[in-house]
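The structure under discussion appears below in the form of C-alpha cells.
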Amino acid sequence: MLSKRKGITVSRQIMDDQQMHPDATGELTGLLNDLVVAGKIISAEVNMAGLADILGQSGRTNIQGEDVQKLDVFANQTIKRRMEQCGHVCVMASEEDDDIIPVLDGYEGNYTIAFDPLDGSSNIDVNVSIGTIFSIHRRVSASGQGDEGDLLQKGSRQVAAGYIIYGSSTVMVYTTGNGVHGFTLDPSVGEFFLSHPDIKIPETSLYYSVNEAYAHHWFDSTRNYIEYLKTGGGDRKPYSLRYIGSLVADFHRNLVKGGVFLYTRDKTSDEKSEGKLRLLYEAAPLAMIVEQAGGRAITDDGRNILEIEPRGLHQRVPLIIGSKGDVDLAEKFLRGEMG
Ligand code: AHG
Ligand code: MN
Ligand code: MN
C-alpha cells in the first residue's frame, strides 16, 4: 500500500510498477523516466515564462539571447527531443504536428506515445494551470520506425497514461494499470515526490465543469442534466460550476475532489462533428486514469471512450468524464430515462 511509504520519488514508483509486470523489460520504465525529465524542463520554462519576457527586455528574446518561444512550441519540442532519442519509442503523435513523428534512426523502441504537449493554451500567458497529457501503447508493427497503425489503437490497449499539471505546484499523475498515483515536484531538489497515493475519484460530487456559454446550443438531454445538477432537490445538494478552460486542470480537480466534466456536441455541431477534444491524446489517456481511479468516461451517445477505435491521429470525440455516479446519471439523461 503506497500511502504507508514516505518520500517515494516518481522514479522509484515507476521502478516498483515495473516489478508488477513480470514480462517487463524496463523499456516502459525508461520511457516514463525520460518523460519525467521533459516535465521538469517544461515546468521550469512555464514558471519562467513571464520573467523570460521581462528579463529579455527587447522583444521576444531572453537573457541568454535565445528567442522566447511560445510555451506550447517549447513543450512540443522538449517532449519530441527526449522521446526521439530515448530508445523506447518507435513513433509519436503530437497535437501540434499534423503527421506522425519518427524517432532517430537506431533508437527505435517498442512503445508509442501520443501527447498534448501543452493543454489549456487559452490560459498560457495568464498564470492559470495548464498541462501535458500523454498516452502510451505497445507497438503492433514488428520493428524499426513505427507507423500510424501503431498509434491508432483503442484506449483500452494503453499500457500507461498520465498528465503533468503546471499550476501552483507541478504535479505528475499517471497509471500503468495498477492504480493512479500523484507526485508533486519539489523544485529545490528537482524531484517529484509522492503526494497523492492511490487516487480514487469520489463516487459522487458537488461540481460540474462545462462551458455554459454554449448552453443555448445544448441538446435537451444536456440541458436537462445540467439543470438537474444545478437545482438539487430532496436530499440532493445543488452542484457548483467549476470551469477553468484547461481540460487537464478541470480533470485534475474533479479527480481529487470529485466532479463531472462535459464537452459534448450541440445543435451547432454538424453531423460529422465529434466535439472539440481529441481522442488519442486527451480523452483516451484521461479515461484510463479515471477508470483506474473508479470513475467513468463516455461520449454523449453513451459509448465507452476506451472502446473507440481511432480512425485518425487528431480525431475529436465528445467527452463526459468524472465521478461514476455523476456519469451514470448523465447516461440516464442521454438515454431519455430521466429528464
Ligand atoms: P488545447 O489548449 O490543448 O488546444 O486544449 C484546449 C481545450 C481543453 O484544454 C479545454 O477543456 C477546452 O479546450 C476549452 O474549450 P472552450 O474554450 O471551448 O471551453
Ligand atoms: Mn488540449
Ligand atoms: Mn494543446
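The values are calculated or read from the model by the stated rules, or taken from the named source; none is laboratory data. Bear in mind the structure is a predicted one, so any value in this text is a computation, not a measurement. Neighbour counts are summed over all protein chains in view; Cβ atoms, including those assigned to glycine, are modelled from backbone coordinates with ideal geometry. Keep in mind that these areas ignore ligands, DNA and RNA; they rest on the heavy atoms of the full protein, side chains included. Shrake-Rupley method; radii C 1.70, N 1.55, O 1.52, S 1.80 Å.
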Complete set of residues in the range 98-120 that are surrounded by 15 or more Cβ atoms within 10 Å (Cβ to Cβ) and either within 15 Å of ligand 1 (Cβ to nearest atom) or basic (Lys, Arg) (or both): Ala114, Phe115, Asp116, Pro117, Leu118, Asp119, Gly120
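This table checks each residue for (1) within 16 Å of Tyr174 (Cβ to Cβ); (2) open to solvent by less than 50 Å² (accessible area, probe 1.4 Å); (3) part of a loop (DSSP other than H, G, I, E, B).
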residue	(1), (2), (3)
Pro285	yes, yes, no
Val290	yes, yes, no
Ala297	no, yes, no
Asp300	no, yes, yes
Residue satisfying condition, being in contact (Cβ under 8 Å) with a residue 24 or more places away in the chain, surrounded by fewer than 24 Cβ atoms within 10 Å (Cβ to Cβ) and either not in a strand (DSSP E or B) or not aromatic (Phe, Trp, Tyr) (or both), within set Lys200, Lys230, Lys272: Lys200
Test set (1) without any contact (Cβ under 8 Å) to a residue 12 or more places away in the chain; (2) closer than 27 Å to Gln158 by Cβ - Ala283 fails condition number: (1)
Any chance Arg265 is away from ligand 3 (no atom under 16 Å from the Cβ), surrounded by fewer than 14 Cβ atoms within 10 Å (Cβ to Cβ) and part of a loop (DSSP other than H, G, I, E, B): no
Residue match in the range 305-321 (condition: in contact with a Lys or Arg (Cβ under 9 Å, 6 or more places away or on another chain), part of a loop (DSSP other than H, G, I, E, B) and modelled with pLDDT under 95): no
Flag if Ser205 is open to solvent by 10 Å² or more (accessible area, probe 1.4 Å) and either touching a residue at least 24 places away in the same chain (Cβ under 8 Å) or of a type in the set (A, V, I, L, M) (or both): yes
Selection status of Gly177, farther than 30 Å from Ile41 by Cβ, of a type outside the set (Asp, Glu) and either without any contact (Cβ under 8 Å) to a residue 60 or more places away in the chain or not in a strand (DSSP E or B) (or both): no
Residue list for the range 128-171, restricted to those being in contact with a Lys or Arg (Cβ under 9 Å, 6 or more places away or on another chain), touching a residue at least 24 places away in the same chain (Cβ under 8 Å) and basic (Lys, Arg): Arg138
Test result for Val248, within 12 Å of ligand 1 (Cβ to nearest atom), of a type in the set (Val, Ile, Thr) and open to solvent by less than 10 Å² (accessible area, probe 1.4 Å): yes
Asn123 crowded, with 20+ Cβ neighbours inside 10 Å, touching a residue at least 24 places away in the same chain (Cβ under 8 Å), farther than 17 Å from Pro285 by Cα and within 16 Å of ligand 2 (Cβ to nearest atom): no
When residues of the range 126-146 are limited to those that are away from ligand 3 (no atom under 16 Å from the Cβ) and open to solvent by 70 Å² or more (accessible area, probe 1.4 Å), the one nearest to Thr175 (Cα to Cα): Arg138
